[in-house]
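Below is one structure, written out as structure tokens; comments come after it.
The values are calculated or read from the model by the stated rules, or taken from the named source; none is laboratory data. In this text the structure is predicted, and so the values were computed from the model without any measurement. In this analysis, Cβ positions are derived from the backbone assuming ideal geometry, glycine residues included, and neighbour counts consider all displayed protein chains.
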Amino acid sequence: MNDFDDDLRRLLGDDRLALTPRADAVGRIVKGARRRRTVRVVASAAGSVGLVAAVAVGSMAVTGQFSAGPDLEPQPAGTPTTLLPGPDERTGDPAPTTPALPTSGPTGGAAADLTEPSPGESTGTADHGGEQSGDGVDVGTLPLFDPAAPFDGVEVRMTLAELEQVPGVEITRLRGDSAFPEFCYGEFRTARAHGYISLRGAIGGPPDDLMAAYEVAWLEPDIDVRTPEGVGIGSTLADVWQTYPEYSEIAPGVYTSYIDGLDGIASMWHLETTDGYVTRIAHDGLHNCGDNPQPIEEPDLPVLGPDGLGAIRIGMTLAELQAIDGVQIDTEHQEGTCYGSYAYGDTTGWISVRQDFASGGDAVVDEEWRVTTISSAADVQTPEGIRVGSSHAEVVAAYPGLVEGDSFDSYVAVPGELGMRWVFNFGDGGAVTNFRLDGGQICFG
């Protein structure tokens, strides 16, 4: 860089600059230029002021004017006369490919570490006045993607329970690709958008009620859109740089910029570019699903149904129950119409006379002691696929006649079996915490 050194000495001594350089100014400028090799500046003598301002990032020290340490971010040059290389020429890398989704805040360098656009590159779309972008795209006519409002009925920070109420939404369970896969609940899709459901941001430890803490943490339209600031699908890199000057480049061609004014919601724009144009826009609420979450394959669980579970079935007599090897019967709570409880491995329930659910009343079917409830501490499912952890929406979808109230457990008639009910308990997050098959017990409730 000998010729460069000589040019710098000549420029710093130019009377037009009215500068008093330090003795080691040239050496510090050269080191700074090497450190920020992504900013290669070519300037003529007529643009010398722009040259000095551009190269001086974090390294120039002129007595009485600047004293910029390596951690101080620069301000734009007062007279932008620099000519800068395009994205591919700047790094020497091939055209960027679409990387996996980010899992946290930006990890790339600050905006000042990246090449700034030249004046001729910007198309003015940052003014969001409906002007055309570099390839003739009228970004101003694209649908608005406002982070402060729902898009296709969904917005970042919407709870899982709220998301389940969005008409037409499809939710798929996923296993997160991280050290804490349970932080990721899954993905969703609507007619015009998709995204992730997870805990948001940096989590010290999982909350007590994990289901209640799941929120929409990534929202991405499936159609061409524009942001409120005027950057849309088809906008140029220059538009991104100009509109979001505090951007970070987290991967080649992938930019993020924090979103302000969302009542404390930590989130950012996620903008991906191909060949210098924006091709992807998403609202990242700092999801925790990782780079490559995978669908959870539902296990082949035992079925608790109208025919019972294993050797235990609704309506079997006390004598039949006692004949099963390994059954334990407890009569501590025997009273009136209730004989007591039983346990057979993970399967438990009550023994009582049987109430007549089929007639809709409280009449007793017969006076004989019978098995009237079945539940299991093991992971089992109903014939319709409901299990512990199923959402409220899934239960309602499986059993549209679910009866709910504040003073009793939710219940619904077993399809095709009027003399039996499914009884469900839900946690604060709306997920099933336990359930049982009730054949007319009269021991409690």
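In segment 276-298, what count of residues is obtained for those that are among the charged types (D, E, K, R), under 25 Å from Ile223 (Cβ atoms) and modelled with pLDDT under 95?
Pass one, segment 276-298, residues among the charged types (D, E, K, R): 280, 284, 291, 297-298.
Narrowing further to those that are under 25 Å from Ile223 (Cβ atoms): 280, 284, 291.
If we keep only those that are modelled with pLDDT under 95 as well, we get 291.
Summing the residues that are among the charged types (D, E, K, R), under 25 Å from Ile223 (Cβ atoms) and modelled with pLDDT under 95 in segment 276-298 gives 1.
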Of the conditions (1) without any contact (Cβ under 8 Å) to a residue 40 or more places away in the chain; (2) under 40 Å from the mean Cα position of the chain (by Cα), Val254 clears all except one; give me its number. (1)
Restricting to segment 393-431, count the residues that are part of a strand (DSSP E or B), under 23 Å from Ile171 (Cβ atoms), over 27 Å from the mean Cα position of the chain (by Cα) and not small (Gly, Ala, Ser). 4
State whether one or more residues within segment 407-422 are at positive phi, buried (at least 18 other Cβ atoms within 10 Å of the Cβ) and in contact (Cβ under 8 Å) with a residue 60 or more places away in the chain. no
Give Ser341, Ser376 a once-over and let me know the one that is touching an Asp or Glu at 6+ places or on another chain (Cβ under 6 Å) and buried (at least 21 other Cβ atoms within 10 Å of the Cβ). Ser376
Please specify each residue of segment 237-276 satisfying the condition of being buried (at least 22 other Cβ atoms within 10 Å of the Cβ) and either of a type in the set (Lys, Arg) or assigned to a helix (DSSP H, G or I) (or both). Leu237, Ala238, Asp239, Val240, Gln242
Confirm whether Gly234 is in contact with a helix residue (DSSP H, G or I) (Cβ under 8 Å, 6 or more places away or on another chain) and part of a loop (DSSP other than H, G, I, E, B). yes
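Could you pull out the residue among Phe145, Phe151 that is out of contact with any Gly (no Cβ under 9 Å at 6 or more places or on another chain) and either under 30 Å from Ala397 (Cβ atoms) or modelled with pLDDT of 95 or more (or both)? Spell out the reasoning first.
Details: Phe145 fails: out of contact with any Gly (no Cβ under 9 Å at 6 or more places or on another chain).
After ruling out the rest, the residue left standing is Phe151.
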Residue by residue through segment 298-346, note down the ones that are charged (D, E, K, R) and closer than 15 Å to Val371 by Cα. Asp307, Arg313, Glu320, Asp330
Among Asp325, Asp356, Asp346, which is among the acidic types (Asp, Glu), assigned by TED's automatic domain parsing to the domain that holds Arg421, surrounded by 13 or more Cβ atoms within 10 Å (Cβ to Cβ) and modelled with pLDDT of 95 or more? Asp346
